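Visitor: Structure incoming, see below.
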Amino acid sequence: MKRFLKYFGVFLLGFFSSIVTLVILIAISIAQFGSEKEPEPLSENSWLTINLPSVLNDKSESDPFGELFAGFAGQEPVGLNQIMTAIENAQNNDKITGILLDPGFFASGFGQAEEIRNALLNFKKSGKPVVAYSENYTEQGYYIASVCNEIFLNPKGLIEFNGLSSGVVMYKGMLDKLGVEFQVFKVGKFKGAVEPFIQNQLSEENKSQIREYINSIHNHAISKIALARGISIDSLRLISDNGQMFLSKHAEKYKFVDQLGYKDEVEAWIDKKYKTKNQISLRKFLKNEVEYKYSENKIAILYAEGEIVSGAASQSGNQIASDDLVKEIRKIRANDQIKALVLRVNSPGGSSLASDIISREIELTKNKMPVIVSFGNVAASGGYYISCLADSIFAQPNSITGSIGVFALFPNTQKLYKEKFGLTYESINTGENSELWRPDQGISPIQGAKIQAMVDQIYDDFLSVVSKGRKMSKESVHEIAQGRVYSGLRAKELGLIDGMGGIERAITSASKKAKLKDYKIMVYPEPKNPFEALLGDEFSDAFANQQLKLAEELGINSSVIKELQSIKSMQGYQMRLPWSMDIR
């Protein structure tokens, strides 16, 4: 009886804990979403304020914790799609007469920076000004701000303009201490994703390709800043090499900024010059309804962001899960009102099998409607695989792509298993190849040859898919493949993409290919309601994303955290970028 009461008590405690948790979740949902007020009426002569987050997703996600954490982190959870929509709507809204931009510690990729920058350039064509103010500017943040009519910097602030660096974390030293050795099977001399596991230093080939694409991105940024600010390219290179922008007085001296001032002084300057005191945040502005003309014709935008994995998405952050994405593609294909698909890809790759499954669905969809691909910051390896069969591919000059290659990693834990843990392993097999891997020994030469043959076959299939999609011979694809990474500019020269531009360029191309005079945009995956977000995977994803954002706020490099998390999802053969491409 005592034992029964004990277990029954534990059951009741667990039951009531679950009820309390559910009540808390519902309370958060009501607080976050149920108490939202009607959109505030937009005043005449208002300025839209845009505060860029340090970490930016292409598509805004359901985030039940977003606004709760925003107060702590000082940032609102927004997506690139929301920023682009707000700028476009502000351009066409007579009550919005300008934009006040704060790039803050924006450290997302240069592909996203390019799209925001181009959107601000279009906004300026309407005759409305854009003013930038920030306490500090990152390389990416200043690149965006350089197109503004006026740039302000806090008197005690700084501008990071000292060139780009691509960091790669090497794990071999740690693995040696643990007694773990990785056996590698790959194709191509440039598949640098395996190097951190087997070497203490990057190979010369890998250093060469990294140097080439970061120089391409840096040169593009310098040329654009030179044009916008009226500073010579040679002067910008000299300033970048000498790191002279870390002091605010240098920023003003070399014409990187127009004035130094505090936020209140900037707002007073805007009030005096443009006769306005009205400001509206991006989130509040997006709540103002915009009239759209009805159209039976639809163009679907499908966002594919994160590493590519098989099955359904886990709860460890953004992923392109084959089951989930295939479901969305089939939903789009079954909708007769959708006349074209724009696939937005922002992915370093991942599972080769999952990539092939997604690619198959893209090919089937192309038989029914035009499929246009837009690359974000990165669309490489598996990210390129799922894209190359589309009708057209567009990327930014500073997008990262290519990396056409395959690899497989097998850990040999013999030293860890035997020498450090003192464990022995016994197995009974039906044949000499029954156990492909066992923890106390490495892969035999015969087994290794079979694995390499499979890797070679997958690579050959990759070449065939690219050859078919890009209408190139397999030989010519192989010459530029072998795992090598390229910038968008170089990819255009090599025929891997069709043109320069962001998602708007892709939408325009889709409308022309579908011969549409009018259309409405439909976004996929469709957002879930607050309760689904709280009770589904988004609850854990949101919490994980906020942890990464807080890590950045505390000065911790979140890219390393994300890399370690992604190792758990590596299953089967991989099509991935060189490890840890953290460009800053």
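Visitor: Could you please tell me which pairs satisfy a Cβ distance under 6 Å, a separation of 6+ or placement on different chains, a first residue in the range 29-52 that is on the phi > 0 side of the Ramachandran plot and modelled with pLDDT of 90 or more, and a second residue that is assigned to a strand (DSSP E or B) and surrounded by 11 or more Cβ atoms within 10 Å (Cβ to Cβ)?
Guide: Qualifying pairs under 6 Å: Asn45/Thr97.
Visitor: Can you say whether Leu101 is of a type in the set (A, V, I, L, M, F, W, C) and modelled with pLDDT of 95 or more, as far as the supplied structure shows?
Guide: Working: of a type in the set (A, V, I, L, M, F, W, C): yes; modelled with pLDDT of 95 or more: yes.
So Leu101 fits the description; yes.
Visitor: Quick one: would you say Val466 is modelled with pLDDT of 95 or more, buried (at least 22 other Cβ atoms within 10 Å of the Cβ) and more than 30 Å from Ile222 (Cα to Cα)?
Guide: Working: modelled with pLDDT of 95 or more: yes; buried (at least 22 other Cβ atoms within 10 Å of the Cβ): yes; more than 30 Å from Ile222 (Cα to Cα): yes.
Answer is yes for this residue.
Visitor: Okay, moving on. Would a scan of the range 353-364 turn up a residue that is without any contact (Cβ under 8 Å) to a residue 40 or more places away in the chain, of a type outside the set (Lys, Arg), crowded, with 17+ Cβ neighbours inside 10 Å and closer than 24 Å to Gln112 by Cβ?
Guide: Looking through the range 353-364, at least one residue is without any contact (Cβ under 8 Å) to a residue 40 or more places away in the chain, of a type outside the set (Lys, Arg), crowded, with 17+ Cβ neighbours inside 10 Å and closer than 24 Å to Gln112 by Cβ.
Visitor: Conditions: (1) out of contact with any Pro (no Cβ under 7 Å at 6 or more places or on another chain); (2) over 18 Å from Ile225 (Cα atoms). Gly98 meets all but one. Number of the miss?
Guide: Result: Gly98 fails condition (1) only.
Visitor: Are any of the residues in the range 304-315 surrounded by 16 or more Cβ atoms within 10 Å (Cβ to Cβ), in contact (Cβ under 8 Å) with a residue 12 or more places away in the chain and β-branched (Val, Ile, Thr)?
Guide: Within the range 304-315 (the criterion being surrounded by 16 or more Cβ atoms within 10 Å (Cβ to Cβ), in contact (Cβ under 8 Å) with a residue 12 or more places away in the chain and β-branched (Val, Ile, Thr)), the answer is yes, since at least one residue qualifies.
Visitor: Just give me the residues in the range 171-196 being of a type in the set (Phe, Trp, Tyr), under 24 Å from the mean Cα position of the chain (by Cα) and at pLDDT 90 or above, in sequence order.
Guide: Tyr171 - this is the single residue of the range 171-196 that is of a type in the set (Phe, Trp, Tyr), under 24 Å from the mean Cα position of the chain (by Cα) and at pLDDT 90 or above.
Visitor: Taking the condition surrounded by 14 or more Cβ atoms within 10 Å (Cβ to Cβ) and in contact with a Pro (Cβ under 6 Å, 6 or more places away or on another chain), does Leu260 pass? Steps first, please.
Guide: Working: surrounded by 14 or more Cβ atoms within 10 Å (Cβ to Cβ): yes; in contact with a Pro (Cβ under 6 Å, 6 or more places away or on another chain): yes.
In short, yes.
Visitor: Next question, about the same structure. Quick one: which of Ala251, Ala268, Ala304, Ala300 is touching a strand residue (DSSP E or B) at 6+ places or on another chain (Cβ under 7 Å), part of a helix (DSSP H, G or I) and not polar (S, T, N, Q)? Talk me through it step by step, then tell me what you get.
Guide: Working: Ala268 fails: touching a strand residue (DSSP E or B) at 6+ places or on another chain (Cβ under 7 Å); Ala304 fails: part of a helix (DSSP H, G or I); Ala300 fails: part of a helix (DSSP H, G or I).
Of the residues listed, the single one that is touching a strand residue (DSSP E or B) at 6+ places or on another chain (Cβ under 7 Å), part of a helix (DSSP H, G or I) and not polar (S, T, N, Q) is Ala251.
Visitor: When you scan the range 495-530, how many residues do you find that are surrounded by 15 or more Cβ atoms within 10 Å (Cβ to Cβ) and of a type in the set (Asp, Glu)?
Guide: Looking only at that region, the number is 2.
Visitor: Kindly indicate whether Leu423 is out of contact with any Cys (no Cβ under 6 Å at 6 or more places or on another chain) and in a helix (DSSP H, G or I). Talk me through it step by step, then tell me what you get.
Guide: On the way: out of contact with any Cys (no Cβ under 6 Å at 6 or more places or on another chain): yes; in a helix (DSSP H, G or I): no.
Judged against the criteria, Leu423 is not a match.
Visitor: Are any of the residues in the range 254-263 at pLDDT 95 or above, in the same structural domain as Asp518 (by TED's automatic domain parsing) and either among the small types (Gly, Ala, Ser) or more than 30 Å from Ala514 (Cβ to Cβ) (or both)?
Guide: Scanning the range 254-263 turns up no residue that is at pLDDT 95 or above, in the same structural domain as Asp518 (by TED's automatic domain parsing) and either among the small types (Gly, Ala, Ser) or more than 30 Å from Ala514 (Cβ to Cβ) (or both).
Visitor: Another question, then. Taking the condition of a type in the set (A, V, I, L, M, F, W, C), in contact (Cβ under 8 Å) with a residue 24 or more places away in the chain and touching a helix residue (DSSP H, G or I) at 6+ places or on another chain (Cβ under 8 Å), does Val194 pass?
Guide: Details: of a type in the set (A, V, I, L, M, F, W, C): yes; in contact (Cβ under 8 Å) with a residue 24 or more places away in the chain: yes; touching a helix residue (DSSP H, G or I) at 6+ places or on another chain (Cβ under 8 Å): no.
In short, no.
Visitor: Just one of the numbered conditions (1) in a helix (DSSP H, G or I); (2) in contact with a Lys or Arg (Cβ under 7 Å, 6 or more places away or on another chain); (3) not assigned by TED's automatic domain parsing to the domain that holds Gln91 is not true of Lys224; which one?
Guide: That leaves (2) as the condition not met.
Visitor: A further question on this structure: When Arg470 is evaluated against the numbered criteria (1) within 27 Å of the chain's Cα centre (by Cα); (2) over 17 Å from Tyr384 (Cβ atoms); (3) charged (D, E, K, R), which criterion, by number, is the only one it fails?
Guide: (2)
Visitor: Which pairs turn up if I take residues in the range 258-277 that are among the basic types (Lys, Arg) and look for partners that are part of a loop (DSSP other than H, G, I, E, B) with beta carbon separation below 9 Å, at least 6 apart in sequence or on another chain?
Guide: That search, which allows pairs on different chains as well, returns Lys273/Pro129; Lys275/Asn45; Lys277/Asn45.
Visitor: From the list Ala334, Ala340, pick out the single residue that is more than 21 Å from the chain's Cα centre (by Cα), surrounded by 22 or more Cβ atoms within 10 Å (Cβ to Cβ) and at pLDDT 95 or above.
Guide: Numbers: Ala334 fails: surrounded by 22 or more Cβ atoms within 10 Å (Cβ to Cβ).
None of the others qualify; the one that does is Ala340.
Every residue, every condition in (1) surrounded by fewer than 18 Cβ atoms within 10 Å (Cβ to Cβ); (2) modelled with pLDDT under 95; (3) not aliphatic (A, V, I, L, M), yes or no:
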{"site": "Glu204", "(1), (2), (3)": "yes, yes, yes"}
{"site": "Gln209", "(1), (2), (3)": "no, yes, yes"}
{"site": "Ala221", "(1), (2), (3)": "no, no, no"}
{"site": "Leu227", "(1), (2), (3)": "yes, no, no"}
{"site": "Gly230", "(1), (2), (3)": "yes, no, yes"}
{"site": "Ser240", "(1), (2), (3)": "no, yes, yes"}
{"site": "Gly243", "(1), (2), (3)": "yes, yes, yes"}
{"site": "Leu247", "(1), (2), (3)": "yes, yes, no"}
{"site": "Glu252", "(1), (2), (3)": "yes, yes, yes"}
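Visitor: Of these, Asp241, Asp336, which one is in contact (Cβ under 8 Å) with a residue 12 or more places away in the chain and of a type in the set (Asp, Glu)? Spell out the reasoning first.
Guide: On the way: Asp336 fails: in contact (Cβ under 8 Å) with a residue 12 or more places away in the chain.
Checking each option against the conditions leaves just Asp241.
Visitor: Moving to a separate point now. Residues that are farther than 30 Å from Phe123 by Cα, in contact with a Ser or Thr (Cβ under 6 Å, 6 or more places away or on another chain) and not acidic (Asp, Glu): does the range 410-429 have at least one? Steps first, answer last, please.
Guide: Let us first name the residues in the range 410-429 that are farther than 30 Å from Phe123 by Cα, namely 410-429.
Filter once more, so that each one left must be in contact with a Ser or Thr (Cβ under 6 Å, 6 or more places away or on another chain): none.
Looking through the range 410-429, none of the residues is farther than 30 Å from Phe123 by Cα, in contact with a Ser or Thr (Cβ under 6 Å, 6 or more places away or on another chain) and not acidic (Asp, Glu).
Visitor: Kindly establish whether Leu325 is assigned to a helix (DSSP H, G or I), within 20 Å of the chain's Cα centre (by Cα) and outside the structural domain of Asp58 (by TED's automatic domain parsing).
Guide: yes
Visitor: Separate question: Checking Ala379 against (1) surrounded by 24 or more Cβ atoms within 10 Å (Cβ to Cβ); (2) in contact with a helix residue (DSSP H, G or I) (Cβ under 8 Å, 6 or more places away or on another chain); (3) closer than 19 Å to Gly502 by Cα, which single condition isn't satisfied?
Guide: All conditions are met except number (2).
Visitor: Let me ask something else about it. Would you tally the residues in the range 341-355 being over 21 Å from Asn57 (Cα atoms) and out of contact with any Phe, Trp or Tyr (no Cβ under 8 Å at 6 or more places or on another chain)?
Guide: Total satisfying the criteria: 1.
Visitor: Oh, and also: Of Glu204, Glu252, Glu160, which residue is of a type in the set (Asp, Glu) and either free of Cβ contacts under 8 Å to residues at least 60 places away in the same chain or closer than 30 Å to Ala481 by Cβ (or both)?
Guide: Values: Glu252 fails: either free of Cβ contacts under 8 Å to residues at least 60 places away in the same chain or closer than 30 Å to Ala481 by Cβ (or both); Glu160 fails: either free of Cβ contacts under 8 Å to residues at least 60 places away in the same chain or closer than 30 Å to Ala481 by Cβ (or both).
The unique qualifying residue is Glu204.
The values are calculated or read from the model by the stated rules, or taken from the named source; none is laboratory data. Everything numeric here is computed off the predicted structure, so don't read it as measured data. A quick note on method: Cβ atoms are made from the backbone with ideal geometry, for glycine too, and the neighbour counts reach across all protein chains shown.
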